[in-house]
Structures are given as structure tokens and as C-alpha cells.
1. Go through region B:398-415 and flag every residue whose accessible area shrinks by 10 Å² or more with all protein chains in place compared to the isolated chain (probe 1.4 Å).
2. How big is the charge dipole of the protein assembly as shown about its Cα centre, in debye rounded to the nearest 20, if each Lys and Arg gets +1 on its Cβ and each Asp and Glu gets -1 on its Cβ?
3. So how much slack lies between residue A:519 and residue A:198, counting 0.36 nm per residue of separation and subtracting their Cα-Cα distance, in nm?
4. What's the buried accessible area, both sides, between B and A using a 1.4 Å probe, rounded to 100 Å²?
5. Under 27 Å from the Cα of residue A:400, which lysines turn up, not counting those fewer than eight places away in the same chain?
6. For chain A, what is the relative contact order in percent, using Cα pairs closer than 8 Å and at least 6 residues apart in sequence?
7. Provide a list, ordered by number, of residues in region A:535-550 showing at least 50 Å² less accessible area with every protein chain present than when their chain is taken on its own, using a 1.4 Å probe.
8. Can you give the longest run of chain A that contains no GluC sites (Glu not before Pro) sitting in a DSSP loop with at most 14 other Cβ atoms inside 10 Å?
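The values are calculated or read from the model by the stated rules, or taken from the named source; none is laboratory data. Just so it is clear, the structure is predicted and the values come from calculations on it, not from any experiment. With ideal geometry, Cβ positions are generated from the backbone for all residues, glycine too; neighbour counts draw on all protein chains shown. Protein only, heavy atoms only, side chains kept; ligands, DNA and RNA dropped before computing areas. Shrake-Rupley method; radii C 1.70, N 1.55, O 1.52, S 1.80 Å.
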Amino acid sequence: MVQLPWLLLLLPLATAALIHFALGGSGRLAAWTGTASAFGMLGLSVSLLVGATAEASPFVWLETGMFHPDLEQAITLSLKTDRLALSMMLVVTIVGALVHLFSLTYMAEDKARPRYYAGLSLFLFSMTGIVLAGNLFMMFIFWELVGLSSYLLIGHWFTKKSAAEASKKAFLTNRIGDFGFLVGILLIWGAFGTVDFNALERRVDLGNLPLTGGLLTAGILCLFAGAVGKSAQFPLHVWLPDAMEGPTPVSALIHAATMVAAGVYMLVRISFLIALDPTAAMTIAWIGGGTALLAALLATQQDDIKRVLAYSTLSQLGYMVMAVGLLASQAAYFHLFTHAFFKALLFLGAGAVIYCCHHEQNIWKMGGLAKRMPLTFATFAIGTACLIAVPYVTSGFYSKEAILDSAYAASRPLFWIAAFVALLTAFYMTRLVVVAFLGKARSQYARDAVEAPTPMAFALTCLTLLSIVGGFRFFAEAILPRGFYPTFDSPHHNFVMAVSIICLLAGVVASFLLYRGREKDPLHITPLRRGLYIDDLYTGLIRLFQDGAAAVAAAFDRHILNGFFLGGTAALTQAVGSVFRRMQPGSLHFYLVLAALGIMLLIWATSTV
Amino acid sequence: MPIVLILLVFLPLAAAALIGLRAPARATSLGTAIVMVFLVAALNHYFDRESPSMQFASSLTVMENPGIALAFGIDGMSLVMLLLSVLVLFAALWMIDPLADNARLQYAGSLLIAGGAIGAFASTDLFFFFAFHELALIPTFLLIGMCGRGSNARSAAWRITLYLGLGSLILLVGLLALHHALGQPGFSITELHARAMADPIAPETQSWIALLLIIGFGSLVSLVPLHSWAAPAYAAAPTPVAMLHAGVLKKFGLYGLLRVAVPMLPEGMREWAGLLLVLLLLNIIYMGLVTIACKRLDTMFGCSSVMHMGYLFLAVAALSLTGPDNTLAYRGAILLMFAHGVSIALLFALADRIESRTGTLEIARLSGLGRAMPSLGFLFGIAAFASIGLPGLANFAGELLVFLSGFHGFRPSEGLQPLQWATILAVWGVVISAVYMLRAYRTAFMGDPDASRRHDVLTTEEKLPLAALAGALVVVGFFPNLLLQYLPF
């Protein structure tokens, strides 16, 4: 009997291999195979969610040979198919399938479609592995593999300089996070003797932890470093805006809805560990809150439609990370769930706009698109409404309220930061909509734009529906794990809601007044446009510390070490070998002399035994 | 059954002799390599995983007093090394251009190198263990000197001879001292080991012998600061020699540390473990930085191979500090020796193909190869990501086990010990490797191809050895147990 979770994991791998090795010559066939496989995965996730047998026996990947009873004897790939995993799978496969569908049109002209679809399938395989991982080893394995698929897809147009640089930057920045993640895994494994989620949780419930104090804080923060890389939190956030060099459907799937949320997903998985250490938890919360604020500020001054959305993704991920740090991981996960749909919607909407405007991405060269592309506009507007949390009718409202509620209860400073971020979000998203869709067309492409073709429109419509119902109790409670849907019954709930509605209105109204009918941006805040110079700072640091140190090391190696040892040994051999120099000089002779010496030594030594 | 093992050792030597006697070089050597693949397959098949002793054992006494015997036998560790040897030999021989002026020399020399390496891995006699390695070194030096590439071939050959010659000499002194200290009449490794267990050498004696062995074996494996020979030698070596030395023969030193030094000199090795931790971090961090500064692909691969030896020394240090029940270190080291051997051989082979197409290995002068030659880009990607330690490829499994071995017996209440600190710093190596590999990949393979060059795509014949090595990386990466199942611990 085929075990469905394994089928779900291996189907996309098989698809990727099939496309790469067999369908390399036919873009059409590759596209349809990939899409069919993605829809197959969607079917499998739905059937698992509604109750098909989710049992999956673990696969022994590597036997460690340990025979100590407290230690695991093998590194296994064991699939954890609880409600958390299955609901996440649903998100991944819905967005995955719709992105495939969208790509059928968006990428129709691309010459390297087989590589594109193989990459998407490889991504789905890696992402499924993260979601279903039953232990940290398995999660790390697939964690690295999503890094690879993200690298391949960001660099899809790798002959373009910016894309090549962006893919490299994404992989390397993530590697730094992964360094921390792996060290964290080593610490946890070394202390607990296991990294299996169930076993760890049982161990934590028993109390009397083997890891305490500063090392526990360090271990948790090291694991968190993995999430900082993958979910692009400060200070490793710099790769995500550049990752927009990838094709827009990829941005929707990987760099908005799913992969970047993997960091948050991992934190939710280990939330029982985070709860053990208040220092670590507070650090996480502040990094999340800080990222939310930083990214929202930067988003207000971006002109590229995708970069606005990328910074908003950063900011929303910051919300989620903050919630995890405030020990409200249910709220974080709920926001992850709703955000996935409306952010994918926004990105695909942006994709439709870019497609119809001949790859123009500057919002100041758009304008008036609402009339030319009414359906795209309507769906984009609904996505925006979700993101800025229009009360009651959008999913984003419910999940953001859950986060604000918990922030209010846990930390006032963070609550006010989060409220201000909500204001900024309303501000920059209104700016985006007003500039790109309203007013007059500001370029020929914008004047000639026509409505998105049917497959794109279909994907947009599906996501629009999900973005609305995603927050409603009847829908979300059927999918989310038990107890994850917020109750909204705290005494301060009305106050929190009042604050968030005021922020929303203030942001929208200010932005509308400022940007309506403008031909160019009335605000020009250079530091915000330059990402607060953080990129420049990193470039400088890399040049100074890495490349500088490398140059010093190389010079030292060449001139000092080499010179010293080689000079020393050469002098030695010259002294010893001057006798033999009259014979033909050359390496062989020298070697024979050594060998002869050695044999003499051998005979002498053994004869004295 | 012992005959299979004996054949495996002497077949390449005989084939080299035949080629010297004007037998058709390519046919003879490739035929030999294929037969050897089958011989190793037979060894795998008939290997008894339950048996703790040396298998396929045979012995021919050469000298009564002292008791030196031409003795062969393998356990799981040697079996994995034999597998590595024949795989790399096959690919290396295939890479030789039969029309080159010195093709005959290259075929015969490669067979000698592999024969020597296999002899060393299969020897159960300490004397022949050493002697077979020396046998392999001579053709290595000669081929670099006589068929070397570039203008520095002569000086590179001279340098590697000097370093490895002196290293071997120190090693020889150490091995003899070990033999002497154990007071055993014979040179059988098994008996020496039993003696060391039953009647351990005095700790002070262990200490200086261990130091000699660390220096001796260490210089063969390019332990910093004894590494200066490696990068210039690999850059100058003809491709099959670079593949065979970096991929196979260099592992002799590690194999020796695991086979001889660690089990027979536990006290001595523990005493020097602290020094080893410092040096291996130099291998990883310092050489990692040197690798970042490399401007040519072949030098970069040479330096990276020095760097990656640091992980293997970490396994040795972990074993020395935590004792033989740290099976993670053994398993990790063996897996990583195999993985590194295959991946570095593949990288050198790919460098050869790149040079044949573009006429240069200077990274800055390469561009857009991924567009011009997609399958070369794909294979290079596999090799590069394997060497970065990407899961799904063999190196990751080995590296993960080695890192875990550093945390074996970790007691949080006592805080982080030097071994754990060294492990954490060693993990930073995964970032450094990614930096230089992806930079090189970015420059050479991405961007637009140089329109002035002809980039013929790889032919099927060219792809075959490359694909064989890449396939091994994938298979072992997915199923590391395929190799680990032969290990008793």
C-alpha cells in the first residue's frame, strides 16, 4: 500500500527528474507535466486533510552506529502529519498549483521552460519536506534544498547580471542563517540526544532539562538564526528585495507565500522550546517587531511594484516572528495562513500588470490601469484590503487583530510599533494602488494594456476568494489546528481594534491625499530609497573583512609560509644533498636518496628488535 | 576468495607494465579499470558484514625476522576506499586524451598510482602499507614533472617531492618507532593493534610517536602548515594525476591516522588533540580565506581540497578526544573521504573540460558557460554543490556526521569544551565554501557567453566519466547507508 504522505513528498521530486531528464526539449510538455503534478499534490493534501490515512513509516537515511540507549541510532526521515503540517501543506499546494497555472501564460514565451518547471517541482519537493519533517535533521536537509531551488529560480534568467548576483546573494545570506541553524541543531542534539519533535516535546514536558541557562538561550537563538535567514528578518533581510529578479510567479510562490514563511513555520514547530527561555523569546519578538517597522518604512519609498510587495512581505513576516517571540505562535501561524493567500494574490496581480505592460515594473510608468484591467484591479484591490486589514470583510483583519491582541497583552512598546506598522502598511499600499491603477496612464505600455488572459484571471479569482474567506471562522477552523483560531475575547480587544482602525484610516487618507493625481513622487527620502544603507554597509564589511582577510591570508600563504617552509627545507636539502648534486639534479634523484635513507633506517631499526 | 583482492592490487600494476611494453594503452587501461570495478563489486557482494576480522585475507611471508609479509585483507573501511579508488581510476583513465604526446605515460602512471593506493588500502602489513603508498608517490612526482601543465610544473613537482618525501620519511620514522615500542616481532597491523590494546605503550612514548605520525600523515594530507605543496601541485598536475592524488592517494594519510595512530596510540593522540584542533581550524578558516582569494579554477580546487581536509582532521580529533565509541566520527570520516574524493576528482575533470573548450582556467576570463554548455553547467553545479555540502549529495552526509561527532558526549553542565568550540567554528566552513564556489559559478557559468569562443557542447563520451562521478555523489547522498552498511561500528 502506498503511503500518501510519502507519495506527496516524492511526486514533485519525480516530476522534477522527469522534466529535467526526459522533457528538456519540450517546454509545453514540461509546463503541463509540472502543472498536472502540482494539482495532483493539491488533491493529495486535500485528501490527507479530510481524513485519508496519513501514516508514514520513517525512512532510515543514515545509521549512526551508536549503541548508547539514550541516543538515536539513525538519522531518519520521519514524516509528521499533524494538523499543523497538513494545513501548511494545503497552503503550499494551493498556491503552488495556482502559480503553475498562472505560469502557463506568464512564462509561455520563455525559452528555458523545462528548467523553470523542473525548478518549481524541485521547490515543491523541498518545501513539502520542510513541512512534513518530523525532526530537525530532516528539516535542515530540506531547508537547504529550498535554498537551492530558490537559488535556481531567482537565477532563472541567469545571463542577466542582476539576476545572477541576486541568486548568489540569496543563497549566501541564507547560508549564514543556516550556519546558526546547524549549530543550534548540534547543541540541541548534543544535550537532548534527540532532535525529533515529538521526543523533544515529551522531554520538555518531563522537566529537568539537560540544557539550561545561557546555553539554552544560545541554542534557541541559533535555531532562530535559521529562521532569520529563511524568513529574511533583520539583519539578514537584504536578500529578499533582490530576489525579485526571479520570475514573478516564483516571487509569489517562494518569496511571498511559502518558502519565506518556512522560518515562521519552523519557529511554530519549536515554540515549546522558545517558551522555555524568556530572554530568547524577547530577542525574537524584538527582531520581528524591528523588521516589521524597518521594512514598512522602506516600502513607502519603493518605485518598483515588486519591491514594494517584497518589503511588505518582510514586514508581515516580522509581525509573525514577533508573535512567536511573544509566545503567541497560534496567532503567528494564523497570520501566515491568511497572508499566504493575499500576498500570493498581490504578487500574481503584479505579475499580470507586468505581463500586460511589457515587463514594466515602475509604478510611476503605469497609472490608469483600473480602467484597462478591471478584473486585475478588483482582485488587486481586494488583496490590498486584506493586507491593510479592512475590518470584518478581509482575512488579514482577523489574523492581524490576533497578533495585535497578543502584543498588547505581552509588550506595550511592541504593540505600538505594530500599530504604527499597520499605519505605514495602509500608507504604502494605498500609494501603490493610487499610483499604478488610478489617475492617468503615464506611459505607452500602460495606455495599451489589456486585461489579463483567462488562466491568469482564473488564478487571481481563486486567490481572491481564499483571501476573503481565509479569515472567517467557519473556513479557518476547519483547516487550522485546534485552538489556533483566535477567540477575540480579551478585555482590551475593543481598544486594540479601535487603534488598528484609526491607523488604517490615517494611513489610507494620508496616502490618498498625498498621491492622488501625482505625476511623480512628492516624497524623496534618500535613506529609505537606499534601504538605510544597510546593503552598502554589508558590501563594505564583506570587502573589508572577507575579501580583505582573504587577500591577507593569500599573501601570507604565498610569501611567508611558503617561503619559510620551502626556504627552510630547501636549505636543509641543499646542505645534505650537496654531495649528490654532481649527479643529475632533479626531483627523482632527491627522492631516491630519501627512499634509500629510509630503507637503511628501516633495516637498522628492525635488526635491533 | 582472497585471490580477488590480490588480483585487484596487482592487475593495475601488471597493466601498467604491459602498457610499458607497447600494449595498446587506452584499451588495456580501460579494460583493466572495468575488470577492477567488477572485482570490487565481487568484494562487496561476498563481504561478510557480521565478521569483525579482516576478510579475503592472504599472507606471503617475505622476511622471517623481522616478520614482514605481503599480507592483504580488508574490513569495511578499506572496502569503501577500494570502491573510491576504482571509481576515480576509471574516470581518470577515461579523461586521458589518447592523442596526447605522453598519453602512454599518463595511462601507465595513473594505473601505478591507483595500484599503489589500492595496495596500501588493502595491506594488513605495516611495512607494505607504507611501501605501496611510496610506490604510488613516485609516478605522481614523475608525471607532474614530465607531463605537467603550465610553466610552473617543474617547480611544483620539486616542491611536492620535497614535502611528501620528507613527510614520508618522518612517517617512516614514526611507524618504525611505533613498531619498536610495541616490541612485536612482526609487522602485521592486526597483531600490532592487539598488542597495543593488551599492553599499551607508555604515555610519554605514545606522545612523541603520535606527534611523528601526525606530522608524517598530516603532511601527506596537507595539514596546515604543511600544505604548501598541494595547490601548485594540483594546478600543475595532468588531470588524471590531480584526480587520483586529490581524490584517492591523499586519503592514505587519513586512513593511516584512523587505522594506525588513533587505535594504537590513544593517549598520545589525545595529548596532541588540542594542537590538531588549532591546525584543523587553520585548514578550514585560514585556507578557506586563501581559497576565496584564488583567481584560477585549478588553484581554487586545490586550495579547497586542503580546506576540506580540516573536516576530516576534526573527525580524527573527535575520535582522539572522545574514544573509539564515537562511531559518528569513524563513519563521518569514511563517508567524507569517499565523498570528497569523488567530488574533487569530478571538479578537476570538469576543469579539464573547461580548459579544453576555453583555453583558460582564469575565473575572470570565463563567462556564460552555463548558457553555452548546459550539461557542463549542470555537472559543475552538482560537483560545486556537493563540495558546498548540499544535502542530497554525498559530502553533506559525511560532514553532518563529523559535526555531530564533535558533540558526542557533550555535557551542557560543563559548558562548551574545546572540541565543541572547534566544531562550531568548523561549521562556518560551510559558509566559506559557498562563498568561493558560488562566486566562481556566478562568474564562469552565468552571464552571457563569450561570443568569440567556440563552445562545443560535451559529447556523450566526454560526459560518461563525469556522469559516473556525479551519479555516485547523488546515490551516496540519497542513500549513505549503502556505504555505511559495511562498517562494523
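1. For region B:398-415, once contacts with the other chains are taken into account, B:400, B:401, B:403, B:404, B:407, B:408, B:410, B:412 lose 10 Å² or more.
2. Roughly 2940 debye for the protein assembly as shown.
3. So the extension gain works out to 109.8 nm.
4. 6800
5. Counting by Cα, and skipping residues close in sequence, residue A:400 has these lysines nearby: A:230, A:306, A:343.
6. On the way: 963 pairs, mean separation 71.5, N = 609.
Worked out over chain A, it gives 12 percent.
7. When all protein chains are present, A:546, A:550 each give up 50 Å² or more of accessible surface.
8. Values: sites that count: A:55, A:109, A:519.
Answer from the scan: A:110-518.
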